[in-house]
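Take a look at the structure set out below.
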Amino acid sequence: METEKYYATGRRKSSVARTWLIPGSGEITINDVALDKYFKMQNIRNVMLQPMVMTNKLGDFDIKVRVQGGGYSGQAGAIRHGITRALIEADPDLRNVLKKAGFVKRDPRTKERKKYGQRGARARYQFSKR
């Protein structure tokens, strides 16, 4: 019989993370690469692992992630969102703890589009009266 897997999708900015939690020893792979090789900066790794640390589940699950789009910060946020949703699927009692920390809600902030007749999203062309 196959072990139980918990799947969830996390999103942040333009990054999408497909996350699987498998009961195991705490091994973490992102795009088939070890965590410390993929995210070299410690603070980005900390952001990604916040839900696991908060719920004391860090060594209980192997985490496998497929992430694409965006930069390191957006990808770490997307993985955090995916891990949070997968943890809730594994144990619905954790929802209140994770919700109080603000991990359940998707961060809606994305890059604003450039508008026509302007130089950028909000920047205008220089105005001259004459």
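To the nearest 10 degrees, how steep is helix 42-54 against the longest Cα principal axis of the chain, on a 0 to 90 scale?
It is inclined by approximately 50 degrees.
Grab the Cα-Cα distance for Leu58 and Ser14, subtract it from 0.36 nm times how many residues apart they are, and report the gain in nm with one decimal.
Working: separation 44, 0.36 × 44 = 15.84 nm, distance 2.66 nm.
Gain on extension, Leu58 to Ser14, equals 13.2 nm.
Can you pull the one-decimal nm distance between simple spin-label points at Ile22 and Lys114, each 7 Å off the Cα toward Cβ?
Once both label points are built, they end up 4.4 nm from each other.
Helix 72-90 versus the longest principal axis of the chain: what angle, 0 to 90°, nearest 10, using Cα atoms?
That helix lies at roughly 40 degrees to the long axis.
Quick one: dipole size for segment 1-54, taken about the Cα centre, charges +1 on Lys/Arg Cβ and -1 on Asp/Glu Cβ, in debye to the nearest 20.
Details: 8 positive and 5 negative charges, 85 e Å.
The dipole magnitude comes to about 400 debye.
Given a 10 angstrom Cα cut-off, can you work out which residue in Lys57, Lys13, Lys115 is the most mobile in a GNM of the chain?
Lys115
Rounding to the nearest 20 debye, state how big the charge dipole of segment 6-101 is about its Cα centre with +1 on each Lys and Arg Cβ and -1 on each Asp and Glu Cβ. Could the numbers behind the result be given before it?
Values: 15 positive and 8 negative charges, 103 e Å.
Magnitude of the dipole: close to 500 debye.
Of Lys13/Lys114; Lys37/Lys111; Lys13/Lys115; Lys64/Lys114; Lys57/Lys111; Lys57/Lys99, which ones are farther than 26 Å apart at the Cα?
The answer is Lys37/Lys111; Lys64/Lys114; Lys57/Lys111.
Restricting to segment 6-101, compute how many DSSP beta bridges are antiparallel as a %, nearest 5.
Working: 17 of 20 bridges.
Antiparallel bridges make up about 85 percent of those DSSP assigns within segment 6-101.
Percent relative contact order of the chain, based on C-alpha pairs within less than 8 angstrom and at least six residues apart? Working shown, then result.
Values: 230 pairs, mean separation 40.9, N = 130.
The normalised contact order for the chain reaches 31 percent.
Just so you know, all these numbers are worked out from the coordinates, no wet-lab data involved. The structure displayed is predicted, hence computed values, not measured ones. Glycine gets a Cβ as well: all are built from the backbone with ideal geometry, and neighbour counts include every protein chain shown.
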